[in-house]
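Structure, as structure tokens:
Values quoted throughout were computed directly from the atomic coordinates according to the rules given, and no laboratory measurement underlies them. The structure presented is a predicted model; accordingly, all values stated were derived computationally and were not measured. Using ideal geometry, Cβ is built from the backbone for each residue, glycine included, and neighbour counts are taken over all protein chains shown.
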4 protein chains.
Amino acid sequence: MISFKNDYSEGAHPQILEALLTSNYVQESGYGEDSYCQAAAEILRKKLGNNAVDIHFLAGGTQTNLIAIAAFLRPHEAAIAAHTGHIFVHETGAIEATGHKVLTAEVKDGKLTPAHVEEILNAHTDEHMVKPKLVYISNATEVGTIYTKKELRLLSEFCREKKLYLFMDGARLGSALCSAGNDLTLSELPDLVDAFYIGGTKNGALLGEALVLCNEELKQDFRYHMKQKGALLAKGRVLGIQFLELFRDNLYFDLATHANSMAYKLRDGLKEAGVSFLSESPSNQIFPIFANEVVQELKESYHFEIWGKVDERHTAIRLVTSWATKEEAVTAFVKDIRRILQPQ
Amino acid sequence: MISFKNDYSEGAHPQILEALLTSNYVQESGYGEDSYCQAAAEILRKKLGNNAVDIHFLAGGTQTNLIAIAAFLRPHEAAIAAHTGHIFVHETGAIEATGHKVLTAEVKDGKLTPAHVEEILNAHTDEHMVKPKLVYISNATEVGTIYTKKELRLLSEFCREKKLYLFMDGARLGSALCSAGNDLTLSELPDLVDAFYIGGTKNGALLGEALVLCNEELKQDFRYHMKQKGALLAKGRVLGIQFLELFRDNLYFDLATHANSMAYKLRDGLKEAGVSFLSESPSNQIFPIFANEVVQELKESYHFEIWGKVDERHTAIRLVTSWATKEEAVTAFVKDIRRILQPQ
Amino acid sequence: MISFKNDYSEGAHPQILEALLTSNYVQESGYGEDSYCQAAAEILRKKLGNNAVDIHFLAGGTQTNLIAIAAFLRPHEAAIAAHTGHIFVHETGAIEATGHKVLTAEVKDGKLTPAHVEEILNAHTDEHMVKPKLVYISNATEVGTIYTKKELRLLSEFCREKKLYLFMDGARLGSALCSAGNDLTLSELPDLVDAFYIGGTKNGALLGEALVLCNEELKQDFRYHMKQKGALLAKGRVLGIQFLELFRDNLYFDLATHANSMAYKLRDGLKEAGVSFLSESPSNQIFPIFANEVVQELKESYHFEIWGKVDERHTAIRLVTSWATKEEAVTAFVKDIRRILQPQ
Amino acid sequence: MISFKNDYSEGAHPQILEALLTSNYVQESGYGEDSYCQAAAEILRKKLGNNAVDIHFLAGGTQTNLIAIAAFLRPHEAAIAAHTGHIFVHETGAIEATGHKVLTAEVKDGKLTPAHVEEILNAHTDEHMVKPKLVYISNATEVGTIYTKKELRLLSEFCREKKLYLFMDGARLGSALCSAGNDLTLSELPDLVDAFYIGGTKNGALLGEALVLCNEELKQDFRYHMKQKGALLAKGRVLGIQFLELFRDNLYFDLATHANSMAYKLRDGLKEAGVSFLSESPSNQIFPIFANEVVQELKESYHFEIWGKVDERHTAIRLVTSWATKEEAVTAFVKDIRRILQPQ
């Protein structure tokens, strides 16, 4: 069975494991105060072209989202997200468990616009309702789309005007920044958002996300929040070593580029075979639509996620590629589809 | 500089890294539903001689403590701990952040007795005070001591009688179970406590703790709590692979035995040199007392933690050994002490 | 200025003030353990025809909702409400502040059906999402509608089948039970819901809601939750005295009947004047639609709430009547409308 | 049976009930935005000689404490209290339920000094521990003592230097300010503390506390916190009317003076009869010590609280006087004691 189920089916890129091996016997401070974490933060600050940002390494995406949002907000303040936003449905109420409501806008393509946010602001007028204070976006989004520079700038300006924090979930930031239509660079992000994270888990690391705090207001005492929520790993070096390896040269972007190119190959192959898609995704998640019986047949040879019913007879599925996806797997899938769809 | 600062200064035992390497390209399910986690749980259940326990793998000790305690208690219920208990001081209010008070008893040796708990129960009589519901103990304790079988049985029986959950923090359970005076076995624990965890981070793993849920009442929906608190790692396999390696043969106990034997060698060497100790610790943490100027001199060649002032002129320090402690380091330390204390 | 803004613009019904006066010098126990609270609970149990329910008196609706829901749910469990439900928008995230997500169904008339709830259950399939556990309804609803016996029975049966708690917010239960189309009685509620409250504040009391716990599972330790959330009044007698007076004879229902009859008179008068309504409300809130300039003119003589824009030129307003609404006020309003709409 | 059990055994002072009666039919805005609350706040600001403070009316002491402290602190910050502090033991973990640890100092007389606070600060050095941020004191304290102006000034200066908020629980502030040894005035408080509350419930009101926010940093959005925690009463006027009556003239202080004078009479009578006391209390709570059999005999005619065992044969009890305590009750108690102690 070949899996296109997600981008965390394998372990880590071999360079990362190698880095863990070679550093294994060095004695270091605990809890992220080791020299690897420091070096990784230093390299990231360079890549970001910004010496003022604070960088913290955490173990996973939900953990990062919940600690950041809980640290940023006062008790009566709320986050705004797309209805497809990961924090709204797929984190088991992690944000609410820290006491904060998540307000949502219905969106078409996974992306929030100033108009979406404004409508929510207008509906929250006094102390009988929560006070919206933070806008949560994902890039790439949960449906594979990405923010253009212009879209992000408009949202950023709107948030500043309204005194809202803008927080970007970058679980798949690598894929977004390396995707075909992208015109954003990593180094532009600190000026556009108040905080964001650079996802490692879904782009070649064993585990790990690098949270970047750009807004001065959000920096103070952040390690207290990490400790309180169980996120300061005793051997924090494990995270630093990985990000050091990912960003020492260009590995992070190389891996994302590979994942994207496998997704494009898959997409193009399916398109040629006459397959249509739920959405235009330029990143490493694509959403082809098949007749229900085709989905059944595919299930015998491939792992993937059922995304949803399109109509009575058709279903969209999600195919995800990663740094580890092999070209043969893509070729095999396309070939199988051609065989299934054109049986003679 | 040699470090005796803690048992998490290095990476992982090489067999564990090797296991991560060999499994690296296998595609697996995410979030702890992979075959490695299942196999590790299976092996642990065998070692525990108990097929009914539920086992979950988490990233660290504070995370495990806070998720377990928050999942076990209703909002008005409180935990009881020794005043030296890790959850009381050294987890940044992690338990309180989930809404629960930690009640404490002043103890001499890090250990709770039924008498300690009873005094707290007697002081909490009605709904104007929290309702004590869970007893938190550590084995080994934060001051290096261990529970004997008899002590644990008495506490266990008392807790059952009073309908209190007994939860054991096993961050250093390996060291406890392999220490000189110990008469407890791993397989006796499920009958004695309602839940406990087997610490990996401080005994050779890169990261990871195995939480064992023994009491049927505590099992339901536990994965929801893990996800909600950010503890379900996407590549949960990372934890399973490590525990599989630690318990496949006897590695876990071998590593703990090594750490203990290094601690004993250190202790015996210091005793011979005339050094006295804050407490009798049979585990991998020892607490020698030195004149202040000796501590200053030691600081130039060794990392360790200052434990506290004993009197105006003397200080206790904490020395911790681990799976990675080299005999040369111990010998060197003892030799240095002999030189410092007997200068001619 | 006459106010139809809400049903809490005045103080308390004079009989209630009288009861406070006559009992004023009696010395009583604090925190709701006084003889008045006991007597009030006793009378309520009689009216409910149910000796097994537990009854607690609280100060207000939001307080009652948040304490009850937080006490009933475990950390990963969520409440289900209509999108118009008071807990979803108008309580400043009170439920989320206790850690619980509120899931919502879009409804037309303020009421939840089994189909609404089922759709939410179907969308919440595993531990990556919260676990729905409690269904929150209001009777009368926030848009003035009421549940028929059949509707409530169907919902109740569905909840039991799915192991969901059914909780009824009765801030305006008096008006609901005394309204024209109602076929429910107070004594039927303990069999149909797991908990509900009988609203005092909006039906003649100075302050106070009587929470009725019907399901055995929800009763234990409830006073702890009240105390922890700041809801045990030192002079708890204040609440008991009022409910005793409201239910000693028939005052509670008499007051609600008066409020309803004033609402009907208002509605009928407006209908005769050609006014249309946003919804058919049989309770003490009605929602007439006026041209925007009519609303402007009305504002000069009356207090009321703007409910929402119906189209560019029309607005719905909310008119609320109460135990204290005078017939002259209703007559004056209808007369003014007639004058405004028929300018000759 | 005569009760000296507490200062909330009766209803309200008759002037207050009268004020509720005369205002009963006036239509007012809800949720504390009525003209009575505004007028009461205005009068309080005058009495405080400070136009800049914000004033909010709440229903009870625990509610006020938990909302204020939760609003003032960020998630990782903690409160410091005396071990006898009401928030530490007697509020069912209300502060912890909002996520914050309460750190305590052992005190002799219910009062915190800079030395107590400093010791706690010194013990909390980094992000592995909570960050102390707020000092909670009570005046009068839970053991009847009061802060002198000098003591409060020293503590205030220390807190400002260390950037700690100083919060005063004034459940019995009336008694403190009217007690024999007091040299503080109400109008000095806004300069000395960051926030405090003026207790109504224990000094003649039916219910109600007036929270005074002095520090600009603590004022923003406070009504959101009140609403979120269920503390915005729909008929908020009930609180405003009472405080207006208490402070319109001098009623608040007259009532406290009466309570104190009854306590003094009781104390002096007992002293003359040879009774000794647990502490010197200048406020309306006194703590005489009796032989155990005397306590038994007293229980037949009086309600009071057992404070604690002094030795095997003696017990301290708590006697509380109030605005409603009758001189006859005091005389009767003293007479009974004389009779019991001098049996011939």
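Data overview
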| quantity | calculated |
| --- | --- |
| Electrostatic dipole magnitude of the range C:213-344 [Cβ: Lys, Arg +1; Asp, Glu -1; Cα centre; debye, to 20] | 440 |
| Virtual spin-label span in nm between residue A:108 and residue B:115, 7 Å along Cα→Cβ | 7.5 |
| Nearest-0.05 FRET efficiency for residue C:162 and residue C:50, computed from C-beta distance (R0 25 Å) | 0.55 |
| Within chain A, longest stretch free of exposed trypsin sites (Lys or Arg not before Pro) [DSSP loop, at most 14 other beta carbons within 10 Å] | A:164-312 |
| For residue A:161, label point 7 Å along C-beta direction: distances to other copies, nm | 4.9, 5.1, 7.1 |
| Between the range A:1-75 and the range D:251-320, the Cα center-to-center distance that results, in Å | 63 |
| Whole-number percent relative contact order across the range A:14-251, with pairs defined as alpha carbons under 8 Å at least 6 apart | 30 |
| Size of electric dipole in chain C: Cβ of Lys, Arg +1 and of Asp, Glu -1, about Cα centre, debye, nearest 20 | 140 |
| The protein assembly as shown - share of DSSP beta bridges that are antiparallel (%, nearest 5) | 55 |
| Copy-to-copy label separations for residue B:83, where each label sits 7 Å from Cα toward Cβ, in nm and ascending | 0.7, 5.6, 5.6 |
| Calculated from backbone phi, Karplus (6.51, -1.76, 1.60) coupling profile of the range B:252-259 in Hz, x at Gly/Pro | 4, 6, 4, 5, 5, 4, 4, 4 |
| Residue with peak Gaussian network fluctuation, chain C [Cα springs, cutoff 10 Å], from C:311, C:169, C:254 | C:311 |
| Sequence-distant residues sharing a close amide H with residue C:80 (under 5 Å, placed H) | C:103, C:133, C:134, C:135, C:136 |
| Cα lying deepest toward the dipole's positive end in chain D, options D:48, D:322, D:104, charges on Cβ | D:322 |
| Whole-Hz couplings from phi, Karplus 6.51/-1.76/1.60, listed for the range B:133-143; x for Gly and Pro | 9, 9, 9, 9, 10, 10, 9, 4, 6, 5, 10 |
| Radius of gyration, Dmax [chain A; alpha carbons; angstrom] | 20.6, 67 |
| Long-range amide H partners of residue A:54 with built H, under 5 Å | A:213 |
| Net charge contributed by nearby residues that have their C-beta within less than 15 Å of residue B:321 (K/R +1, D/E -1) | 0 |
| Viscosity 1.567 mPa s, temperature 4 °C, Stokes-Einstein D of the range A:163-228 from Kirkwood C-alpha radius, µm²/s | 100 |
| Charge dipole magnitude, Cβ of K and R +1, D and E -1 - the range B:1-112, Cα centre, debye nearest 20 | 380 |
| For chain B, built as a Gaussian network whose Cα springs stay under 10 Å, the top-fluctuating residue of B:48, B:66, B:21 | B:21 |
| Computed E for residue C:279/residue C:250 - FRET, C-beta separation, R0 30 angstrom, nearest 0.05 | 0.55 |
| Farthest toward positive dipole pole in the range D:186-285 [+1 Lys/Arg, -1 Asp/Glu at C-beta], among D:260, D:282, D:238 | D:238 |
| Top of D:121, D:239, D:44 by mean-square fluctuation, Gaussian network on chain D, Cα under 10 Å | D:121 |
| Under Karplus coefficients 6.51, -1.76 and 1.60, residue-wise ³J(HN,Hα) of the range D:151-161 in Hz, glycine/proline x | 4, 5, 5, 4, 5, 4, 5, 4, 4, 4, 4 |
| Built amide H within the under 5 Å cut-off of residue C:307, gap 5+ | C:316, C:317, C:318 |
| Residue and distance (whole Å) for the chain B Cβ nearest the axis that superposes B on D | B:96, 2 |
| Peptide A:303-310 - average C-beta neighbours from other chains (10 Å radius) | 0 |
| For residue D:38, label point 7 Å along C-beta direction: distances to other copies, nm | 4.5, 6.0, 6.9 |
| Inter-label distance, nm, simple model (7 Å from Cα along the C-beta direction), residue A:15/residue C:309 | 5.5 |
| Geometric extent, Cα atoms of the protein assembly as shown - Rg, Dmax (angstrom) | 33.5, 120 |
